[in-house]
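This report concerns only the one structure given below.
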Amino acid sequence: MPFFALDHIRLALDYFQKQDHTHPALMSLLAMLRQNVPASDNPDDAIPFGSTVERRLMDDYFKPSGGPEKKPYFLVFGTGYGYSHWRDREYPGRTLQVQRNKHDLFRQSPKDNKRWTLASSLAQAIKDSPPKEVIGDIPISTACLAAWCYRDREIASISAAVADFSKEFRLNDYGLVPEIFSTDIPVELAAVPLQDKAISSGDLLLFLQNLEPEKAEEEPAEEAAGPHAAPSAAIAKVHMPAPPPGDWNMALADLGDLCGLRGMEEAATRALAALAAGVHVILTGPPGSGKTKLAECICAKAGFPTWTVPATDQWTTFETIGGYFPTPKEGEAGDRLDFLPGAVVDSLEKGKCLIIDEINRADIDKAFGELFTLLSGNTVTLPYRRRSDDGKFRRVRLQVGSAVVEDEDADVIVVPAWWRIVGSMNDADKASLKRLSMAFVRRFAFIPIDLPEPAVYEALIRAAVDKTDASKTGISDMPGLTKVLIELFSTVDNGIGAIGLPLGPAFPLSIVRHADSEWRLDTSRSFEAVLASALELYVMPQFQGRPDLHEKASDLFRPLLPTRHDEFERHLAVWTGYVSG
């Protein structure tokens, strides 16, 4: 289904703001109509109504994405009298309340000042007001109202949008069509074709910026201040981010051979689909299964630069978000405190996706803090100030949206729509898995990566062996090592997998390279000596903190290391923490 185009918005706002076609109090009337406030002279019919309801309307339709944090609402009704059109969150409870109290069209209950009615015979009451001083010239164009309010909504046609608006605001129920609200579609509006995608927030902000005066009052006391108030403060400008360096909506075929990774096609398909859907991703699986390499491969194939950082159990928000840190001041002795960005903020400023290796090693709640809000797609103002080039300290704000209106008091860092966090997580680390809070889990897509199929796993080991100098020179123990590695690693039903610690291909491939290196240094090294060395260096650390697996591992390796087993078991106990009973 199509969407309104920017030219529709241009025509609608031109209609709203020129020649006093509309008045700011129209906001209160629309809020009351949507709330179904009774049109009655009987105070007993009054229902609860106030700035909360008006603010809800403004949140829905008058809060462009990327607007100023302190003044997020863009008021389209009225000429503005030289003021900025941006309004703060207090606008409904301040200016609109003044408007409601000023006009007899809106009636506050004498028994309860939180309850309201509209004037009875509402259409006639509006015509008698006079309307230009209350809501504007009548009849008001419903098509223009629909174009502005439904600018992000898929519509079947302009006529359908007009019908939807009339239904949402109960225009026919109150008898306001056609004398107060016209449902006719202006010729110039109908002449503009609809488009196949919604208006981008950046294009809308740039257009709205053109409606701003070069100078404007910071905070008009009320809209009726008149056209003679002297403007003073400069209006902030729209900041547009750089174009995206890549595209998540790539074809699956563009992943190619997955950078040499085998058996990961399903995981890659799921990950790419989640990333294209705007979701952050965590790849889970056994250690050494290629999770981080897959993350880097997908990002590279999609055209996005990356920065890979390893998580640790010492992480706090200082490592992820940043914090104050002594920095040298040019031309002066000594240091001064300033904001130093953490990994997430730094990746945003550098325009890189962030890959976090072994993300579950971190204490998530302690390390991510305010980032939970950011990962939900919402702007975050950090509790830090950073020194700008002009010497001022400004609050650091992570702004979600394709464009933002710069704030005098904010150091704005745009969060591009394409930016993602891709984490890897070893699911064998059971203790750290328990530290994942639901607040964290629900913000990511978790994609499992299993061990390769046994035939694929075996082929990977044999291919690595074939490349070694030991194999090429015919060292007799290499075939025996190949057989042991296949039995130990290639299936979850045998070897290391069978005792509850499956390991990915990175481990046997490292052992192959290590064995080749040892035999290059000393061709007389025995098979048992090389195997014991490789297992201690690459496999034994994976049993860290697992006393429950000590005896199973000891039994597994005993036949492979008959003369070295006692020494091997002592070293193993250091990692597992096992104490013989």
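The values are calculated or read from the model by the stated rules, or taken from the named source; none is laboratory data. Predicted, not measured: the structure shown is a model, and the values here were computed from it. Here Cβ is always computed from backbone atoms with ideal geometry, including for glycine, and neighbour counts include all displayed protein chains.
Could you list, in sequence order, all residues of region 487-513 that are without any contact (Cβ under 8 Å) to a residue 12 or more places away in the chain and outside any helix (DSSP H, G or I)?
Asp493, Asn494
Could you check Ala125 against (1) under 28 Å from Arg10 (Cα atoms); (2) modelled with pLDDT of 90 or more and say which number it fails?
(1)
In the set Leu57, Leu30, Leu13, which member is in contact with a Leu (Cβ under 7 Å, 6 or more places away or on another chain), part of a helix (DSSP H, G or I) and either modelled with pLDDT under 95 or of a type in the set (S, T, N, Q) (or both)? Spell out how you get there, then give the answer.
On the way: Leu57 fails: either modelled with pLDDT under 95 or of a type in the set (S, T, N, Q) (or both); Leu30 fails: either modelled with pLDDT under 95 or of a type in the set (S, T, N, Q) (or both).
Within the list Leu57, Leu30, Leu13, the selection yields Leu13.
Inspect all residues belonging to region 87-101 and state whether any of them is more than 31 Å from the chain's Cα centre (by Cα), surrounded by 15 or more Cβ atoms within 10 Å (Cβ to Cβ) and farther than 20 Å from Val53 by Cα.
No, that holds for no residue.
Output yes when any residue across region 50-61 is surrounded by fewer than 20 Cβ atoms within 10 Å (Cβ to Cβ) and over 29 Å from Asn113 (Cβ atoms), and no when none is.
No.
Which condition number in (1) over 40 Å from the mean Cα position of the chain (by Cα); (2) surrounded by fewer than 16 Cβ atoms within 10 Å (Cβ to Cβ); (3) assigned to a helix (DSSP H, G or I) is the one that Val579 fails?
Result: Val579 passes all but (3).
Do you know which of the residues in region 519-528 that are outside any helix (DSSP H, G or I) and of a type in the set (D, E, K, R) is surrounded by the fewest Cβ atoms within 10 Å (Cβ to Cβ)? Quick ask: steps written out before the conclusion?
The initial filter retains those residues of region 519-528 that are outside any helix (DSSP H, G or I), namely 522-526.
Pick out the ones that are also of a type in the set (D, E, K, R) and you get 522, 525.
On the way: Asp522: 10, Arg525: 16.
The extreme case among them is Asp522.
Would you mention how many residues in region 42-54 are of a type outside the set (S, T, N, Q) and not in a helix (DSSP H, G or I)?
To start, the set of residues in region 42-54 that are of a type outside the set (S, T, N, Q) comprises 43-50, 53-54.
Subsequent filtering for residues that are not in a helix (DSSP H, G or I) retains 46-50.
Summing the residues that are of a type outside the set (S, T, N, Q) and not in a helix (DSSP H, G or I) in region 42-54 gives 5.
Give me a count of the residues in region 341-398 that are β-branched (Val, Ile, Thr) and in a strand (DSSP E or B).
Taking region 341-398 first, the residues β-branched (Val, Ile, Thr) are 344-345, 355-356, 359, 364, 373, 379-381, 396.
Checking which are in a strand (DSSP E or B) leaves us with 355-356, 380-381, 396.
Residues flagged as β-branched (Val, Ile, Thr) and in a strand (DSSP E or B) within region 341-398 amount to 5.
Just to be sure before I move on: is Asp516 part of a loop (DSSP other than H, G, I, E, B), acidic (Asp, Glu) and either touching a residue at least 24 places away in the same chain (Cβ under 8 Å) or closer than 19 Å to Ser289 by Cβ (or both) in the structure I sent?
Working: part of a loop (DSSP other than H, G, I, E, B): no; acidic (Asp, Glu): yes; either touching a residue at least 24 places away in the same chain (Cβ under 8 Å) or closer than 19 Å to Ser289 by Cβ (or both): yes.
Judged against the criteria, Asp516 is not a match.
For region 259-290, give me the residue count where each residue is touching an Asp or Glu at 6+ places or on another chain (Cβ under 7 Å) and at positive phi.
Matching residues across region 259-290 total 2.
What tally of residues in region 373-393 results from selecting those that are modelled with pLDDT under 85 and touching an Asp or Glu at 6+ places or on another chain (Cβ under 8 Å)?
Of the residues in that region, 3 qualify.
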